[in-house]
1. Using only the Cα atoms of the range A:11-216, what do you get for the radius of gyration and for Dmax, in Å?
2. Suppose every Lys and Arg Cβ carries +1 and every Asp and Glu Cβ carries -1, with no other charges. What dipole size does the range A:11-216 come out with about its Cα centre, to the nearest 20 debye?
3. Rounded, prolate or oblate: which fits chain B when a ≥ b ≥ c are the square roots of the eigenvalues of the alpha-carbon gyration tensor, with rounded for a/c under 1.5 and prolate only if a/b beats b/c?
4. Using a simple spin-label model with points 7 Å from Cα along the Cα→Cβ vector, what separation in nm is obtained for A:Leu182 and A:Ala153?
5. Putting +1 on Lys and Arg Cβ atoms and -1 on Asp and Glu Cβ atoms, find which of A:Phe165, A:Gly102, A:Tyr180 reaches farthest to the positive end of the dipole of the range A:11-216.
6. Which FRET efficiency value, to the nearest 0.05, do you get for A:Ala33 and A:Leu69 by plugging their Cβ-Cβ distance into 1/(1 + (r/R0)^6) with R0 = 30 Å?
7. Calculate, for A:Arg121 and A:Thr81, the FRET efficiency according to 1/(1 + (r/R0)^6) with r their C-beta to C-beta distance and R0 41 Å; round to the nearest 0.05.
8. What does the helix-only formula give at 222 nm for chain B: each DSSP H stretch with n ≥ 4 adding -39500 (n - 2.57), the total divided by the residues, and the result rounded to the nearest 500 deg cm²/dmol?
Amino acid sequence: MAPAAAAPGAVVVVDYGMGNLRSVWQALVRVAADRQVLVSADPEVVVGAERVVFPGQGAMPDCMREIELRGLRSAVLEAATTKPFLGICIGQQMLFEHSEEGDVAGLGLLRGTVRRFPAERMFDAAGKRLKVPHMGWNEVRHKRAHPLWKGIADDARFYFVHSYFVDPVDSACVVGTTDYGLPFTSAVARDNIFAIQCHPEKSAVTGLTLLGNFVAWKP
Amino acid sequence: MGLAKRIIPCLDVTAGRVVKGTNFIDLRDAGDPVEIARRYDEQGADEVTFLDITASSDQRDIILHIVEACAAQVFIPLTVGGGVRSVTDVRRLLNAGADKVSMNTAAVENPDLVAEASAKVGNQCIVVAIDAKQVAADRWQVFTHGGRRPTGLDAIDWARRVQQLGAGEILLTSMDRDGTRNGFDLPLTRAVADAVGIPVIASGGVGNLRHLAEGVSEGHADAVLAASIFHFSEHTVREAKEYMRGCGIEVRL
């Protein structure tokens, strides 16, 4: 996991110091056995990657601050506009323009806002209160076909842990939705970008399938 | 359809081996933690929890190498607890591959630790484990040090407090039921689950599949945790989920 130059075909996980990337790295190593998988905070390594995974956990304002402090913004923007690019959790949220969490600006690659689950909507069909964070295995409904859904059933369950979700302006970018009190966008895609709110690295075989599809993806 | 109720096998670990006691005494050896975790993943477990049950009392170091080995092979969430006393301990476990870290005694002795840790690593990573014993009708007290030391804290008040401090989840164990196989303390579970807005995992007392379903349907738990019924192959996790689905509970199958 030490920083190193990216070899041809390398998958690079962007490390901006916000938590444990070991799970993401381990899962990618599992599905990309013939490729180099690096975790790196070095903008040059990110730019030199064949494909980039942009994870995230914690609070979005902290994540944005660390990306700026580590000089990673331009490398992430370049990767997100030129390479197969996978955003996970906060890594999905940061692609949008703005978040209600800490009233912070995102990277603005996709139009829309990151919103908190609204307390007044957090009830199930039986009227029982739903808890926030949304934690556990929920279904992702495919809104349209995408190469990263290959081998993954419509409504397959993934592991989620989050209190905020993306609300895109452009509904054409929505590739997956999930119900929790309200239907929310759980996966988006545009060109070379695919981003998902749940954690494929923690979603057992289903998640590994998605990561394997990403490693093989030729957008 | 929506969020599934979770089934979480718990591996009580000491000296690198999985054990399960009766009321935390009389430990029986049930095997290698990584092998068992992998078996549970294959059976469809929603998460796995490791509790280093002797760490808190013996000041034993935490089980980092087991966590590392598990994280390399098991791609479902892993919670680790036992002997966590500082933000440094939390970070070491997360860096080894844990997804969530559970704290119990240290949270009671130093509630600021919950706030500090959740601010640093995110509340989704912080689980507060509450060991409770009934002291009167509808009254439960929090115990620490593996259930040996009373704290004077009311379990429901403490659950609300840890939510305010930043806990992302509560692992609630009935000390009266743990190891008895008589089922969860359902009034306790329901009282805590209804009192907080964060997920509650019911623990302590599961002896059969009906108990698991009751934890959700009557205890209002978001997840149910059990050890011995899975370790000794009385039931697989899949059987447990099929049973719960038959009770009308939404599960991942």
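1. 15.9, 52
2. Here the range A:11-216 has a charge dipole of around 500 debye.
3. Numbers: a/c = 1.31, a/b = 1.06, b/c = 1.23.
Since a/c stays below 1.5, the shape of chain B is classed as rounded.
4. 3.0
5. Going by the charge dipole, the pick is A:Tyr180.
6. Step by step, r from the Cβ atoms, then E = 0.30.
7. 0.75
8. Rounded to the nearest 500, it is -10000 deg cm²/dmol.
The values are calculated or read from the model by the stated rules, or taken from the named source; none is laboratory data. This structure is a prediction, so every number in the text was calculated from the model and none was measured. Quick reminder, even Gly has a Cβ in these numbers, built from the backbone with ideal geometry, and neighbours come from all protein chains shown. The accessibility values were calculated without ligands, DNA or RNA, using every heavy atom of the protein model including side chains. Shrake-Rupley method; radii C 1.70, N 1.55, O 1.52, S 1.80 Å.
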